[in-house]
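**Q** Sharing a structure, written as structure tokens. Questions coming.
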Amino acid sequence: MKKKTIIRRVLTMIALGLLLSVTIIAPKTGVGAASTPDMTNGADNFYKSNKVTMKKVKFKNQYNMNVAGNLFIPKGLKKNTKNPAIIVGHPMGAVKEQSANLYATKMAERGFVTLSLDLSFWGESEGQPRNAVSPDIYAEDFSAAVDFLGTRPFVDRDRIGVLGICGSGSFAISAAKIDPRIKAIATVSMYDMGAANRNGLKHSQTLEQRKKILEEAAEQRYVEFTGGKTKYTSGTVHELNENSTAIEREFYDFYRTPRGEFTPKGTSPELTTHPTLTSNVKFMNFYPFEDIETISPRPMLFITGENAHSREFSEEAYKLAAEPKELYIVPGAGHVDLYDRVHLIPFDKLESFFKENLKKK
């Protein structure tokens with residue numbers, strides 16, 4: 001079997017559980033499924049509320065990069081008092097308009113000041129090249145969000161929590177390990193982006209296969225260093241066929257249909273969700289669960305779907321974390337279901353977790 005074929009087959013098993021390829025193929029037009037998204041169980045990614053106000057904000061991280069966010073404030077909030085706040089991170093390859101805004105809006109309705117943010121290199125946040133992978137900077141963005149919220153006059157800097165969805169769950173944990181200002185950590189449909197890239201889902205990738213991916217990315221560096229075209233990897237397929245896997249279909253229904261499709265200004269639908277090939281291998285050096293027990297006694301809540309292909313990551317984090325901790329399984333839910341299906345997302349559980357652990361002492 002040719003080397004390139006082996007690499008492509010390996011890549012189908014890793015990263016976001018999506019079909020990965022060494023190059024991005026331009027999407028074909030007229031894909032029928034795009035007009036018929038599955039909107040069951042209250043799918044409502046672009047939910048808006050008249051109970052909260054939203055304001056676009058920008059703040060600097062420690063690398064002097066502008067991080068963009070949406071600040072949600074409950075109407076009637078007493079701004080002369082100090083209130084609890086929650087930072088919400090989007091899925092890997094997504095932007096704040098996908099899942100994060102929904103969670104931030106819903107939690108603001110429940111009385112919290114919330115902030116959804118675009119990770120650096122994505123959405124409206126700064127960072128070149130676009131779609132680059134840098135786990136350290138992603139974690140820094142969460143700490144920068146604490147800087148921002150903790151200097152608002154209506155936020156209690158001693159009552160700030162984080163809520164990370166999919167890949168952001170692992171970035172939030174990475175931040176919390178070195179930032180004790182993060183007082184409570186919740187993850188939803190978490191992906192350990194390091195383990196997913198090193199080992200594949202259910203440890204389906206061999207060391208030899210991993211090395212082939214690294215070799216491909218390393219050779220591509222020469223191409224781009226000498227002015228060649230950037231290659232992308234991972235992300236959601238742009239069309240489905242009879243051979244498409246269940247995981248491909250699950251992500252496609254969110255990212256490639258009106259259910260959740262969002263293309264930030266200045267980019268192309270062909271590039272949404274796709275990291276650069278040469279930077280994606282940086283996840284191989286990302287170990288967010290190493291020393292996770294040191295977050296204790298700050299509480300951790302891991303929410304995952306009963307049928308989620310990513311369930312292994314929440315279970316592993318729960319096993320390694322120290323008390324207080326909780327693993328919450330949502331009956332009947334898959335991975336992407338918890339991005340936007342409001343009839344399945346356990347908002348009551350999230351509310352009680354943050355109210356209890358961000359209460360005034």
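**Q** Being polar (S, T, N, Q), touching a strand residue (DSSP E or B) at 6+ places or on another chain (Cβ under 7 Å) and open to solvent by less than 50 Å² (accessible area, probe 1.4 Å) narrows it down to one residue among Thr273, Thr278, Thr263, Thr187; which is it?
**A** Thr187
**Q** If you take the residues of segment 315-361 that are part of a loop (DSSP other than H, G, I, E, B) and open to solvent by 50 Å² or more (accessible area, probe 1.4 Å), which of them is farthest from Pro91 (Cα to Cα)?
**A** Lys361
**Q** Could you please give the count of residues in segment 270-305 that are out of contact with any Pro (no Cβ under 8 Å at 6 or more places or on another chain) and either closer than 10 Å to Ala322 by Cβ or free of Cβ contacts under 8 Å to residues at least 24 places away in the same chain (or both)?
**A** The total comes to 5.
**Q** Same structure, new question: Is it the case that some residue within segment 219-226 is of a type in the set (Ser, Thr, Tyr), surrounded by fewer than 19 Cβ atoms within 10 Å (Cβ to Cβ) and in contact (Cβ under 8 Å) with a residue 40 or more places away in the chain?
**A** No, segment 219-226 contains no residue that is of a type in the set (Ser, Thr, Tyr), surrounded by fewer than 19 Cβ atoms within 10 Å (Cβ to Cβ) and in contact (Cβ under 8 Å) with a residue 40 or more places away in the chain.
**Q** Of everything in segment 124-144, what is over 22 Å from Glu356 (Cα atoms), in contact with a strand residue (DSSP E or B) (Cβ under 7 Å, 6 or more places away or on another chain) and either open to solvent by 20 Å² or more (accessible area, probe 1.4 Å) or not in a loop (DSSP other than H, G, I, E, B) (or both)? Give them in sequence order.
**A** Glu124, Glu126, Pro129, Asp141, Ala144 - these are the residues of segment 124-144 that are over 22 Å from Glu356 (Cα atoms), in contact with a strand residue (DSSP E or B) (Cβ under 7 Å, 6 or more places away or on another chain) and either open to solvent by 20 Å² or more (accessible area, probe 1.4 Å) or not in a loop (DSSP other than H, G, I, E, B) (or both).
The values are calculated or read from the model by the stated rules, or taken from the named source; none is laboratory data. In this text the structure is predicted, and so the values were computed from the model without any measurement. Backbone-built Cβ (ideal geometry, glycine too); neighbour counts: all protein chains shown. Accessible surface is based on the protein model in full, side chains and every heavy atom, while ligands, DNA and RNA are left aside. Shrake-Rupley method; radii C 1.70, N 1.55, O 1.52, S 1.80 Å.
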